[in-house]
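Data block below; observations after.
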Amino acid sequence: MTTADPDDLSSGLTRRRPAALGWFAAVRHALDRPLTAYYLLLGASALLLTIGLIMVLSASSVYSFKINGSSYAIVERQLMWVAIGVPCAWIASRLPHSVLRRFSWLALLVSIVLLALTQLGLGRTVNGNTNWLGVGPFVLQPAEIAKLSIVVWAAHIYARKEKRLGSLHEVLVPVVPGMLLVTGLVVLGHDLGTALVLMAIMLAMLWVVGAPGRLFAGSLSFIGVIAIWLASTSSERRERLTNFADPFKDFHDAGWQPAHGLYALSHGGVFGQGIGASQQKWGNLPEAHTDFIFAVLGEELGLIGTLLVVALFLTIAYAAVRVASHTQDAFVRYTTFGIVVWLLGQMIINVGMVLALLPVIGIPLPLVSYGGSALVPSLVALGLLIGFARREPEAARALAQRKKARSAGLAARI
């Protein structure tokens, strides 16, 4: 039996250490480039949108054929919303900040009016929630538009009052009353999930402007009271809130959806069953192409696919926080932070629902779940982030230099 020479071991470790340090330095150098945030936001958003379209096609095919006689009817509608949302996102990425801020009050007012109309005879009730506004064949969910509106509006107000945010009154008025009004209209429609997302956005905006800690204790108590009240208004919602930790305890009733979501994830394993091979989408899993699309994704793409989706959301969050930390514009900083909390928080809630870590409260997975009312505002929000990233001084100079270099190269070839 031979014994390894200690000198050989130390020399091997010495060779590997510089290699590891060199790899780390290369990654850090790549992340420090001026256009990194821009490309990360653009790439991660495009990948999530592509994965979403593939999964909507797969998860909705059986249901769509049963309802519409065509396996492609639902994904065709999603493609229509993408065709609307992507140009809107492009426009949003190029809108001057002054235009966004000028119309922020109008956006909030429109959202409030639309939410009010859902409670004045034009609302449609779906799964116990009157949060849809329908006029003929046209149906939308105003609360999704309101998420974007209140972020931009609150960011505009706080940016205008930045030097006065040391006063509690300036922090609270008019942002908190405005957000509570929007949330209250959502609560009237019994939409607990959206109300919680709106409250999370409000708390995040208060935190980023430096609101005192005692305010958060009161806010969390208020949110708890609202959640309990909403649960008490529906026996189905109450059962979901009390039984979510063990869906198999009430498998044939309130636990049916989360239990079959877990079945789908466990069946997918590490590498999945393959795109289109989900078994749960054949009628066992309700809302397979909307709120529980993450379960179908896990069944078909496995643990690898689910981790990829989560990693893409974290990539968006990283790039956005980088933009917020580098900018000198208060409006950009507050808007970016609000959008990150909205999209990342909604992702966490949706994944938590599917994993039975949170109650089922009807929250879609941004960019992945079916639904134009959620998709278009999310794309516009990401368009704003991409626009903020490309307007960073260093990024703008790098883009200008690349454009000049391409023009020079084209002129030389001509």
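Please treat every number below as a calculation from the coordinates, not as lab data. No experiment lies behind these values; they were computed from the predicted model shown. Neighbour counts run over all protein chains shown; Cβ positions are idealised from the backbone, glycine included.
Annotations for the structure displayed:
- Candidates Ala200, Ala92, Ala396, ranked by Gaussian network fluctuation over the chain, Cα under 10 Å, top entry: Ala396
- Mean-position separation - Cα centroids, segment 283-318 and segment 22-71, in angstrom: 11 Å
- Length gained on full extension, Tyr39 to Thr233: 65.2 nm, using 0.36 nm per residue less the C-alpha separation.
- Lys, Arg +1 and Asp, Glu -1 on Cβ, resulting dipole of the chain about Cα centre, debye, nearest 20: 1800 debye
- Look at the dipole of the chain built from charges on Cβ: of Phe138, Ala288, Cys88, the Cα furthest out on the positive end belongs to Cys88.
- FRET efficiency, 1/(1 + (r/R0)^6) with R0 60 Å, evaluated for Leu117 and Ser407 via beta carbons: 0.75
- A simple charge model with +1 on the Cβ of Lys and Arg, -1 on the Cβ of Asp and Glu and nothing else charged puts the dipole of segment 100-233 at about 420 debye relative to its Cα centre.
- Averaging Cα coordinates gives a centre for segment 200-263 and one for segment 133-193; these two points are 20 Å apart.
- The chain: relative contact order as a whole-number percent, Cα under 8 Å and 6+ apart: 25 percent
- Of Ile74, Ile304, Ile316, the residue with the greatest mean-square motion in the GNM of the chain, using alpha carbon springs below 10 Å, is Ile304.
- Per-residue Cβ neighbour counts within 10 Å put Lys404, Lys161 in the sequence Lys404, Lys161, beginning with the fewest.
- Max mean-square fluctuation residue, GNM over the chain, Cα-Cα springs under 10 Å, options Leu108, Leu301, Leu172: Leu172
- Residue exposure sequence - Trp23, Trp153 - by fewest surrounding Cβ within 10 Å: Trp23, Trp153
- Peptide packing: for 367-377, 305-315, 279-289, 207-217, the average count of neighbouring Cβ atoms within 10 Å per residue gives the ranking 367-377, 279-289, 305-315, 207-217, highest mean first.
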